[in-house]
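Everything on this sheet refers to the single structure shown next.
The values are calculated or read from the model by the stated rules, or taken from the named source; none is laboratory data. As the structure is a computational prediction, the values presented were derived from the model and not from experiment. As a convention, Cβ positions derive from the backbone with ideal geometry for all residues, glycine included, and neighbour counts pool all protein chains shown. With ligands, DNA and RNA removed, areas are computed over all heavy atoms of the protein, side chains included. Shrake-Rupley method; radii C 1.70, N 1.55, O 1.52, S 1.80 Å.
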Amino acid sequence: MPVEFLGIAATNDGSETGPRSGAAFDKEYTLKLARAHEDHGWDRVLFAYGSGSPDPAPAAAYIASRLDKLQILLAHRPNVSYPTFAAKTFATLDRISDGRLTVHFITGGNDHEQGREGDTLTKDQRYTRTREYIEIVKRIWTSHESFDHEGEHYRFHDFVSDVFPVQQPRPVVSFGGSSAAAYAAGGAEADVYALWGEPLERTAEQIESVRAAARAAGRATPPRIQVAFRPIIAPTEELAWEKAYRTVDAIKARKARGDATVVRHHRRGEPENAGSRRLISIAQDGERYDRALWTPTAAATGGAGNSNALVGTPETVARALLDYYDLGVDIISARGYDLLGDAIDFGRHVIPLVREGVARRDAEGARRGPETLDPEILGPRAAGAGR
């Protein structure tokens, strides 16, 4: 099966290692970064969502109207708009992009961040709302007759949209999370299930949890699996590790200054969401796992989002990604800390190697599967890495 690559459609040049140089929505930089992804082998880019960040939908429309091939993954929180409105927005964007839209639905794992925009539901309530929301959006995309809805969170009558997606029967739905409630909701409704990068063994466990949830929901075909990493690459292993330690030192320095890009959304104590707690636990158990997974970047941010790194030469990182492909992962999400430069370098030096490895597996008739992984690759490695 072909592998796909997802990058980041940042609206400015700030990251965990350095502040942005201009406005939160820098139109020229947004286009430059997206074009770099399109020109260097990436399939799509993520327009992320944050309570105070630029609205991702018009930013995505801006890029879609200026680039011809790059696909769009639009993050959306159900608490910010009614599903009837959102479904029309998504269908319109799919029209603008000529059928290049995927929608990533975010339930929200942090009460404080959700409360910034008036969302007072509990986490479990948010998951039931998200599942109902996705069901409604899917029906609006595909129904040409008006219908009523009487649900736990939404009620409306005699609704039918006059704008429908280019994609038939509908755009792809993406979903993520690392809790039992997330697996249940995403296993039932998602076409793509997104995970944060974890060691191979734990990723395999999560994939099975997603597939079990899909089976429990009566689905014959489970969601495709996407896994996210922060690649740190250089021409030699030594240079890559030097770069890795410079990166984590820069993150710690910004965090010590209280810079907003690095400070977690929760105000005190441990993070609320299961995914971040998993990343912190993994980091506490060891710094290095498998071929190239490195956890100090996740530890430095308090398990904030996509934060585990893959460190090494392009060849090492490509081999590590192929290990995940052999587990059943066929969408790789990646972004560096120098957003523009790293997108170009990863596209030039890593993506072709991974695609070549996948093509070889396809020529052999099937991906190798987790049972073929070298036992020496699996599990924690020594905590030290050249420092």
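Is at least one residue of the range 47-59 in contact with a helix residue (DSSP H, G or I) (Cβ under 9 Å, 6 or more places away or on another chain), at pLDDT below 95 and open to solvent by less than 40 Å² (accessible area, probe 1.4 Å)? Yes, some residue in the range 47-59 is in contact with a helix residue (DSSP H, G or I) (Cβ under 9 Å, 6 or more places away or on another chain), at pLDDT below 95 and open to solvent by less than 40 Å² (accessible area, probe 1.4 Å).
Please go through the range 62-95 and give me each residue that is closer than 18 Å to Leu33 by Cα and open to solvent by 50 Å² or more (accessible area, probe 1.4 Å), ordered by number. Matches in the range 62-95: Ser65, Arg66, Asp68, Lys69, Gln71.
When Arg367, Arg387 are screened for being of a type outside the set (Asp, Glu), modelled with pLDDT under 95, open to solvent by 60 Å² or more (accessible area, probe 1.4 Å) and under 24 Å from Gly176 (Cβ atoms), only Arg367 passes. In the range 349-365, the residues that are under 12 Å from Pro2 (Cα atoms) form Cβ pairs under 7 Å with partners that are part of a helix (DSSP H, G or I), at six or more places apart or across chains, as follows: Val354/Ala318; Val354/Leu321; Val354/Leu322; Gly357/Ala318; Gly357/Leu322; Val358/Tyr325. Scanning the range 110-158 for residues that are surrounded by 14 or more Cβ atoms within 10 Å (Cβ to Cβ), at pLDDT 95 or above and hydrophobic (A, V, I, L, M, F, W, C) turns up Ile134, Ile136, Val137, Ile140, Trp141, Phe156.
Just the residues that are open to solvent by 50 Å² or more (accessible area, probe 1.4 Å) and out of contact with any Leu (no Cβ under 8 Å at 6 or more places or on another chain), please, taken from the range 183-216. If the condition is that a residue be open to solvent by 50 Å² or more (accessible area, probe 1.4 Å) and out of contact with any Leu (no Cβ under 8 Å at 6 or more places or on another chain), then Arg202, Glu205, Glu208, Arg211, Arg215, Ala216 are the ones that fit. Apart from one condition, Glu28 fits all of (1) of a type in the set (Asp, Glu); (2) touching a residue at least 60 places away in the same chain (Cβ under 8 Å); (3) over 23 Å from Lys252 (Cβ atoms); the exception is (2).
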